[in-house]
Structure formats: C-alpha cells, structure tokens
Amino acid sequence: MSGRIHDVAAAGFSAGSGAYDRGRPSYPQEAVDLIVAELGIDRDTTVVDLAAGTGKFTALLVPTGADVVVVEPVAEMRETLARAIPEAEIHDGTAEHMPFPDGFAGAVTVAQAFHWFDADEALSEIARVLEPGGGLAFLWNRRDESVPWVGEMSRILRWRERYPHIANYDRVDWAAIVARSGLFTDLRHTAFRYDQDLDREGLADRVRSISYVAAMDESQREALVQQVLRLVADQPERFPLPYMTLVFWCSKRS
Ligand SMILES: C[S@@+](CC[C@H](N)C(=O)[O-])C[C@H]1O[C@@H](n2cnc3c(N)ncnc32)[C@H](O)[C@@H]1O
C-alpha cells in the first residue's frame, strides 16, 4: 500500500469488514442522483470511488454505466468489495497517494471517509488525479441524534469524545478547507433525510462496524453491543435508524 492510514481505521476496518457490510447503511437515491447530475457522471466517465470500503457507495455508481474504479487501503475491505461488485476495478492506495496518472478521472467520490484523510494532502492528490473541470463529491450518513434513543446510543459509544479530530466531521468547515487548497470551485452542500431499516442483529452489526469497536476485544465489544440493544427494547422487530445524509461537491478549477 502507498501512504499510511490512521491506526484505528487500519485495525477496525480490517477486523470488521463482515459486520461493516451487514451493519452499515447504504445512501439515499436522491443523494446519488444529485451527485451524478452535478458531477456530470455518464457512460463516458471514469469515476474513482475513493476509500470504497466494502462498496456501499460504489454499488450505487454501477447503474450509471460509468467506468467505476475504486481505491481502498484495507485488504479485507477490498476482498469483500470484489465479491460484491465484480464490475469494479479495484486498487490498493490511499487518498494521499492514488495509483493513477494525472488527469485520469472525470469524477471522484468519497463516502463516509473524508474525515480519515489528511485533508490538504488528499485534496491536492484528488486534484492531480482529476481532469480539468472534473468533479469531487463527498458525503456522510450522520446519525440523527435528536431522536432520543439515537442520542443515547451516541453517548454510550462516546465516539466524539474518544476521537474528536475524526468524529466531529459534521462540525468541520469543509468549505474553508476546500477554499484554502485553491484547487477547486466553491464547495456546495445539501442534506437528505435517510432511514436505515434494521432489526436487532442489524443494529448489533452497526455497532460492531464502528472502527474502534471492531478493534476491541470480543467481551468488551459484545458488552457495548448489549448496552445499545437495551435502548431498542421497546421498538418493534424492525425499526428505523434515522440519519441525515450530508452531501458536499465542487469541481477542479480548469
Ligand atoms: C467508514 S468506511 C467507508 C467505506 C465506504 N465508502 C462506505 O461508504 O461504506 C471508511 C473507509 O475509509 C478507508 N480509509 C481510511 N483512511 C484512508 C485513507 N487515508 N485513504 C483512503 N482510504 C482510507 C477505510 O479503510 C475504510 O474502508
């Protein structure tokens, strides 16, 4: 692999690629449609889905007919992705070092991952890999903590307190970070409501898929899972885990 990734990402995403694939949500179709329209993705586009993980977002790009190329540094994630999406061309690499020539891609997408990157290095590498005018979109599913049991779940997981520089991506001024690179047009953004339909085992996998939880020893991890499951004791067999999907996009200056 070229470049380094955060230790928690390396440990957690390699230990938990199965739980990740079962437990993490997909993304709302409105978000995909917006990105496809704004970045002008069509059958003639090469799209790099960066930090593709097990391919949750990659799968939504395939129906566009674009050439879908993925970059993912964790081998276990790449293996799960290769089984799920045989059409995708898969590469080892990082946001800071991608194995492509200058101007290789018409668009780059980053789902639920930009917070792991060295933002300045990644933006300069993405700009290198994009053709002039090529589009960049990044998005996150952020749990809607205004729903009481979801807020309580976040308090139990303590992700924001444990890894404030990574976990508080929804409080980062991404427009300022993109602007200071000088490489892209002004960042635009929007948000969509999105519900992940889960049962209790799905919620358990959702918790196990969190990088630092996946990296814990089993007894600690399962104790945390049980604590979260107690929050949904009164829910029906299937219930929604509500999110806001935050979408950001811009294009490389020509
Ligand atoms: C939360 S997962 C998101 C995966 C996928 N995009 C999705 O939407 O489900 C974050 C991914 O970022 C990857 N990652 C972490 N640091 C990275 C870096 N510096 N460059 C590229 N990928 C990185 C991890 O290996 C992991 O697969």
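Regarding region 1-48, what are the three Cα extents along the principal axes, ordered largest first, in Å?
Computed over the Cα atoms, the extents are 36, 28, 15 Å.
Kindly express, to the nearest 10 degrees and within the range 0 to 90, the angle between helix 119-129's C-alpha long axis and the longest C-alpha principal axis of the chain.
Once rounded, the angle reads 40 degrees.
What residue among Tyr163, Leu198, Met216 has its Cα farthest toward the positive end of the dipole of region 148-237, where the charges are +1 on Lys, Arg and -1 on Asp, Glu, each on the Cβ?
Positive-end residue among those listed: Tyr163.
With +1 on the Cβ of every Lys and Arg and -1 on the Cβ of every Asp and Glu, and nothing else charged, how large is the dipole of the chain about its Cα centre, in debye rounded to the nearest 20?
Dipole about the Cα centre, nearest 20: 580 debye.
According to the square roots a ≥ b ≥ c of the eigenvalues of the Cα gyration tensor, what is the shape class of region 63-210, taking rounded for a/c under 1.5, prolate for a/b larger than b/c otherwise, and oblate for the remainder?
The shape class here is oblate.
What distance in nm separates the two pseudo spin-label positions at Asp102 and Ile156, each 7 Å out from Cα along the beta-carbon direction?
The two pseudo-label positions are separated by 5.2 nm.
Based solely on C-alpha atoms, express the radius of gyration and the Dmax of the chain in angstrom.
Taking only Cα atoms of the chain, I get Rg and Dmax of 17.7, 55 Å.
Using θ = phi - 60° and the Karplus curve 6.51 cos²θ - 1.76 cosθ + 1.60, what whole-Hz ³J(HN,Hα) does each residue of region 218-235 get, with Gly and Pro shown as x?
In residue order, the calculated couplings are 4, 5, 4, 4, 6, 5, 5, 4, 5, 4, 5, 4, 4, 5, 10, 4, 8, 7 Hz.
Using heavy-atom solvent-accessible surface (probe 1.4 Å) with all chains present, what is the largest-first order of Tyr169, Tyr163?
Ranked list, largest accessible area first: Tyr163, Tyr169.
Below 15 angstrom from the Cβ of Glu237, what's the summed charge of the other residues (Lys, Arg +1; Asp, Glu -1)?
That works out to -2.
Quick check for me: using +1 on Lys/Arg Cβ and -1 on Asp/Glu Cβ, what's the dipole size of region 49-173 about its Cα centre, in debye to the nearest 20?
Approximately 600 debye in magnitude.
Counting every Cα pair in region 128-254, what percent are over 22 Å apart?
So the portion of pairs separated by more than 22 Å is 48 percent.
Relative contact order, percent, of the chain when contacts are C-alpha pairs under 8 Å separated by at least 6 residues?
26 percent
The values are calculated or read from the model by the stated rules, or taken from the named source; none is laboratory data. Since the model is a prediction, treat every value here as computed from it, not as a measurement. Ideal geometry is used to build each Cβ from the backbone, glycine not excepted, and the neighbour counts take in all protein chains shown. Please note that ligands, DNA and RNA were not included when accessible areas were found on the heavy atoms of the full protein model with its side chains. Shrake-Rupley method; radii C 1.70, N 1.55, O 1.52, S 1.80 Å.
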